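Below you'll find the structure, written out as structure tokens, and then a few comments.
The values are calculated or read from the model by the stated rules, or taken from the named source; none is laboratory data. All values reported here derive from a predicted model rather than from experimental measurement. Cβ atoms come from the backbone with ideal geometry, glycine included; neighbour counts cover every protein chain shown. Each accessible area value is taken on the protein alone, full model and side chains, heavy atoms only, with ligands, DNA and RNA left out. Shrake-Rupley method; radii C 1.70, N 1.55, O 1.52, S 1.80 Å.
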Amino acid sequence: MSVAPHLARAAERLAAAGVESPRTDVELLAAHVLGVARGELVLAAGFDPAQRARFEDLVASRARRVPVQHLLGRAAFRHIDVAVGPGVFVPRPETELLAGWGISVAAGLPAPIVVDLCSGSGAIALAVGHEVPNARVYAVESDPGALAWLRRNATERAEEGDRPIEVDAADVTDTDALAALTGQVDVLLCNPPYVPDGAAVPPEVADHDPAAAVFGGPDGLAVIRPVIALAAVLLRPGGAVGIEHDDTHAAAVAALLAGGGRFTRIEDHADLAGRPRFATAMAD
Ligand SMILES: C[S@@+](CC[C@H](N)C(=O)[O-])C[C@H]1O[C@@H](n2cnc3c(N)ncnc32)[C@H](O)[C@@H]1O
């Protein structure tokens, strides 16, 4: 029997469990079990008994709202994928836009220094390293659990032939972080925790993303404020900053960037759903 009836039943089960993209998720899980690309599923002869049992287990986990990336062990991000699992934030598609903006700025420079603050799995830093081979990339993260994933992913990308990035265990609320790069950074990117404390989030986030990766204080700006202060210290004149934010925070982040007097050309950028998603600016 082809996999099609299994996929249809599994997708119904996930939809009933409230999963946002049930068909995509069952196709990803089936392709994972069969060891084929998702586009090749139509050609698959079917599951053998062991594969079918494995598929059913994964679907049951997904129905319990375990993130599909945890079940696959990987998250796709631009032209790379990174290892993810318990203890690290799963990189999101909207963040690919922030990374892409930073990559387009850095790609025009001869030997750019790029910093990724709140690096988590390292998705942004490693995507920059992959797409801008002449960049020196620094990834900063404070959480020991996330750092383990970040170091693993950095090693993996270096083994794949990308220029090694530097991983720094540091707190981005400390204005002395990366002090050796003061006034030298060309591009600084950050996807900080920015959901206001207590805001409702789906089970995938509440139960599987680390809280410190998601929640940014009572107003959601507790990490963004010091990140802007640190960007003001680290960027060279003419350097660029890009910071992802909650879709309610475009005006607040623009005001914070304007407030210190260091940044000009402050702009906000929408995500693929048209929601305000990241702010950019240039250092004087
Ligand atoms: C929203 S996640 C972003 C991860 C990754 N950059 C991405 O886009 O997928 C935020 C990350 O910031 C880290 N973080 C939170 N507060 C921090 C701090 N004060 N200093 C350094 N990292 C911090 C969290 O541990 C988490 O890994």
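Mind pulling the angle between the C-alpha long axis of helix 49-63 and the longest principal axis of the chain? Nearest 10 degrees, somewhere in 0 to 90.
50
Over the range 1-152, what is the percentage of antiparallel beta bridges among all DSSP beta bridges, to the nearest 5?
So the antiparallel bridges in the range 1-152 amount to around 45 percent.
Could you state, as a whole-number percent, how many of the C-alpha pairs of the range 99-239 are farther apart than 22 Å?
Result: 38 percent of Cα pairs exceed 22 Å.
Ignoring ligands, DNA and RNA, what accessible area per residue does the chain give at 1.4 Å, in Å²?
Per-residue value: 43 Å².
Roughly how many nanometres apart are two label points built 7 Å out from the Cα toward the Cβ at ASP174 and ARG151?
Here the modelled spin labels are 1.7 nm apart.
Taking the Cα atoms only, what angle lies between the long axis of helix 224-234 and the longest principal axis of the chain, rounded to 10 degrees?
Rounded to the nearest ten degrees, it is 60.
Counting only protein heavy atoms, what percent of the accessible surface of the chain is carbon or sulfur at a 1.4 Å probe?
55
Given 37 °C and 0.692 mPa s, how large is the Stokes-Einstein diffusion coefficient of the chain in µm²/s, with Rh as the Kirkwood radius over Cα pairs?
Approximately 166 µm²/s, per Stokes-Einstein.
Over the alpha-carbon set of the range 1-98, divide Rg by the Kirkwood Rh and report the Rg/Rh ratio to two decimals.
0.97
Could you work out how far helix 95-106 tilts from the main Cα principal axis of the chain, as a 0 to 90 degree angle to the nearest 10?
Value to nearest ten degrees: 40.
Within the range 123-144, list the residues whose amide N lies under 12 Å from a label point set 7 Å along Cα→Cβ of HIS79.
Residues passing the 12 Å test: 127-134.
Over the chain, what is the percentage of antiparallel beta bridges among all DSSP beta bridges, to the nearest 5?
45
For a quick protection proxy, order the peptides 168-175, 121-128 by their average other-Cβ count within 10 Å, most packed first.
Result, highest mean first: 121-128, 168-175.
Top mean-square fluctuation among VAL68, VAL114, VAL201, Gaussian network model of the chain, C-alpha springs under 10 Å?
Top of the fluctuation ranking is VAL201.
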